[in-house]
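Written out below as structure tokens is the structure these notes cover.
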Amino acid sequence: MKPTIERWTSSGNHELKRIGKIGTIKVRRNEMEKLLTQKLYEKYTMLQRNTDKMTIILAHDKSGYHLVLALKNGDSIVPLAKFLSADEILQMEPDHEISGKFQDLYKAAQEIDTRQGMKEFNAISVELDDLFKSFTHKLLEDRGISIER
């Protein structure tokens, strides 16, 4: 049985689409679309290239309080990741094969990506888009997940 596709709409003009466990999310802002794999890469690279702006934020939702890793530039804060509890980590099983593929992808992307500043990561790169689309589609198709084109 193939995974189902769930759709969410957030405030603002974003359209989010999740496909299966790997998840493909398209973010639309002023006609901009990026896959989840590319957005995660951008957060990873943004952090690597802006460590001097790293901070933590205490945030809360219905489930409680969370510690969030973020980048701060003046009044602008870009949340990057939520710290996980030991219980959350112990419930996960790492996939070393796919992790290695992501590391190779990120290395290839960083060789062509010249963006440094936080605002620069909003820009679209056709070359990066093509790299991430090809990788994501192959990864999903290899697992028998059909995707909308």
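So here's what we get for this one:
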{"read-out": "Flag for Gln103 being surrounded by 10 or more Cβ atoms within 10 Å (Cβ to Cβ) and in a helix (DSSP H, G or I)", "value": "yes"}
{"read-out": "Residue list for segment 75-117, restricted to those being more than 25 Å from Tyr65 (Cα to Cα), of a type in the set (A, V, I, L, M) and over 16 Å from the mean Cα position of the chain (by Cα)", "value": "Ala108, Ile112"}
{"read-out": "Residue match in segment 124-147 (condition: at positive phi and touching a residue at least 40 places away in the same chain (Cβ under 8 Å))", "value": "yes"}
{"read-out": "Single match in Lys72, Lys43 (criterion: in a helix (DSSP H, G or I) and surrounded by 12 or more Cβ atoms within 10 Å (Cβ to Cβ))", "value": "Lys43"}
{"read-out": "Criterion (more than 20 Å from Glu42 (Cβ to Cβ) and either in contact with a strand residue (DSSP E or B) (Cβ under 8 Å, 6 or more places away or on another chain) or of a type in the set (Phe, Trp, Tyr) (or both)) met by exactly one of Ala86, Ala81, Ala59", "value": "Ala59"}
{"read-out": "Any pair with Cβ under 8 angstrom, 6 or more apart, that starts in segment 67-86 at a residue that is closer than 16 Å to Lys53 by Cα and modelled with pLDDT under 90 and ends at one that is among the aliphatic types (A, V, I, L, M) and not in a strand (DSSP E or B)", "value": "Asn73/Met118; Ser76/Met118; Val78/Met46; Val78/Met118"}
{"read-out": "Checking Ala108 against (1) surrounded by 11 or more Cβ atoms within 10 Å (Cβ to Cβ); (2) at pLDDT 90 or above; (3) not in a helix (DSSP H, G or I), the condition it does not meet", "value": "(3)"}
{"read-out": "Single residue of segment 111-149 satisfying the filter (of a type in the set (A, V, I, L, M) and closer than 15 Å to Lys39 by Cα) that is surrounded by the fewest Cβ atoms within 10 Å (Cβ to Cβ)", "value": "Val126"}
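The values are calculated or read from the model by the stated rules, or taken from the named source; none is laboratory data. None of these values were measured; they are calculated from a predicted model. Glycine also receives a Cβ, built like all others from the backbone with ideal geometry; neighbour counts cover every protein chain displayed.
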